[in-house]
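> Can you read through this structure? Questions will come right after.
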Amino acid sequence: MPLGDFSKIPTLPGISPMTPEQKQESFWSSNPIFSYLNDVYNNIHAHRQSLSLVNPGTIENLNKEVSRDVFLSQYFFTGLRADLNKAFSLNPAFQTSHTFSLGSANLPNYAFSALFANDNLFMQGNIDNELSLSGRLNYGWDKNNISKLTLQISQGQPTMCQIEQDFQGSDFSLNFKTLNPSISSTGLFTGVAVGSILQSVTPQLALGLETIYSRGQSAMPADSAVSYVTRYVGAKQDWIFSGQLQANGSLIASFWRKVASNVEAGLETTLQASMVPITDPVIGTPIGIQPTIEGSTTLGCKYEYRQSVFRGSVDTSGKVGCFLERKILPTLSVLFCGELDHFKQESKLGCGLQFETAGSEELLMMQQGLDANG
């Protein structure tokens, strides 16, 4: 028997050799430092389980009930608009859209978009008449990990590329994203990097923070900032309060309330602290600075009925806006939006039509509210 071959040595009676997994487990349990850390982790994990905490969502969707569902910012447009949407399948989902616009300062004259989605993959692409291209890709590795990629290419504007990783835990969420990342010849990172965490403290209260690191060029100094956020959900989930304190001195607070089964209301207040220079009234040269606080408040509501949805808002700057979506037929909707600025004495108006067609007879019958047998 070779001197280094210990596998042929007979074991003692009643003792079996340990497997590599058992040896590793014995090392972690016998080492006093690792044993103490393991006990601390188990106690914290057991305490978190006893609190019945839930996932608080992401910081990106901190006040989505107000900013995306109630307010008009995601739906408002000006001029004339027509959308033609065609769905070819539901599982996997595949549909195309043609958008025509006239007299709008923000929308292109023509835009084509396509969407494909299944259980793990989501892809969407848009191109307009000026050959501006934008696309988004989301891939879910599992139910907790999602990788995202956003790309935008426009003539006369710099290319934008954003890479994002989202992790959803049982009672927390982590998000890491970077915008136009690159490594210079000197080994320095240029671009924007953002990291955020939102942790549930109680079943209703969640606290979090978001850090931003940016460097435009390798020769320029880097900038960093930290923002603090909070979110509180009512016991009956009929009201939500969220707040965000940014590093530049601005405070954003929003409140969402479920008034009735078909009525929602939202309130958002923004306060900005800044320094204003003081000039000499005679000479006109600056002689000092003065702290000041500026703020604005927006109040909105949403009425959702069987065939129509109405959204309205009013803010402290004198703007009153509304958006109405009325479904005339199962495949035809009429859009109307308007805004009045009392202080500037300006008005904006938008009208649109939205058509929905089906690529198969089954989808056509589902759009009309019928089953497979008609």
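The values are calculated or read from the model by the stated rules, or taken from the named source; none is laboratory data. Fair warning: this is a prediction, and the values are worked out from it, not measured in the lab. For neighbour counting, all protein chains shown are included, and Cβ atoms are generated from backbone atoms with ideal geometry for every residue, glycine included. Areas reflect the complete protein model, heavy atoms only, side chains present, ligands, DNA and RNA absent. Shrake-Rupley method; radii C 1.70, N 1.55, O 1.52, S 1.80 Å.
> In the neighborhood of residue 139, defined by Cβ-to-Cβ distances under 12 Å, what is the net charge if each Lys or Arg adds +1 and each Asp or Glu adds -1?
Neighbour charge sum, excluding residue 139 itself: -2.
> What is the local net charge at residue 244, summed over the other residues whose Cβ is closer than 14 Å to its Cβ (Lys, Arg +1; Asp, Glu -1)?
-1
> What figure, in Å² to the nearest 10, do you get for the accessible area of residue 121 with a 1.4 Å probe and non-protein molecules left out?
40 Å²
> A further question follows. Could you tell me what percent of the DSSP beta bridges with both partners in the chain are antiparallel, to the nearest 5?
Approximately 95 percent, going by the DSSP bridge assignments.
> Helix 20-30 against the longest principal axis of the chain: what's the angle in degrees, Cα atoms only, rounded to the nearest 10?
Orientation of helix 20-30: about 90 degrees from the principal axis.
> Under 21 Å between alpha carbons: how many lysine pairs meet that in the chain, if sequence neighbours fewer than 8 apart on the same chain are excluded?
Qualifying lysine pairs in the chain: 17.
> Compute the long axis of helix 32-50 from its Cα atoms, compare it with the longest principal axis of the Cα atoms of the chain, and write down the angle in degrees, 0 to 90, nearest 10.
40 degrees
> Treating only the Cβ of Lys, Arg, Asp and Glu as charged (+1, +1, -1, -1), what charge dipole size does the chain show about its Cα centre? Round to the nearest 20 debye.
Here the chain has a charge dipole of around 220 debye.
> Could you rank 198, 51, 340 by how accessible they are, 1.4 Å probe, largest area first?
Sorted by accessible area, descending: 340, 51, 198.
> Okay, moving on. Where the only charges are on Cβ atoms (+1 Lys, Arg; -1 Asp, Glu), what is the dipole of the stretch 119-167 about its Cα centre, to the nearest 20 debye?
With only Lys, Arg, Asp and Glu charged at Cβ, the dipole is about 60 debye.
> Taking a probe of 1.4 angstrom, what is the accessible area of residue 201 in Å², to the nearest 10?
70 Å²
> To continue, here is another question. By accessible area of protein heavy atoms, probe 1.4 Å, what ranking do 342, 45, 98 get, highest first?
Ranked list, largest accessible area first: 342, 45, 98.
> Right, another one. Once you list every other residue whose beta carbon is under 13 Å from the beta carbon of residue 318, what net charge do they have if Lys and Arg are +1 and Asp and Glu are -1?
Surrounding charge for residue 318 is -2.
> Test of the criteria: in the stretch 279-342, which trypsin sites (Lys or Arg not before Pro) are in a DSSP loop and have at most 10 other Cβ atoms within 10 angstrom of their Cβ?
306
> Expressed as a fraction of 2.2 N^0.38 Å, the rule-of-thumb size for a compact globular protein of N residues, what is the C-alpha radius of gyration of the chain?
Working it through for the chain, the quotient is 1.36.
> Quick one: how many Å² of residue 153 are accessible to a 1.4 Å probe, rounded to 10?
70 Å²
> Provide 239, 256 ordered by accessible surface of protein heavy atoms (probe 1.4 Å), highest first.
Listed by decreasing accessible area, they come as 239, 256.
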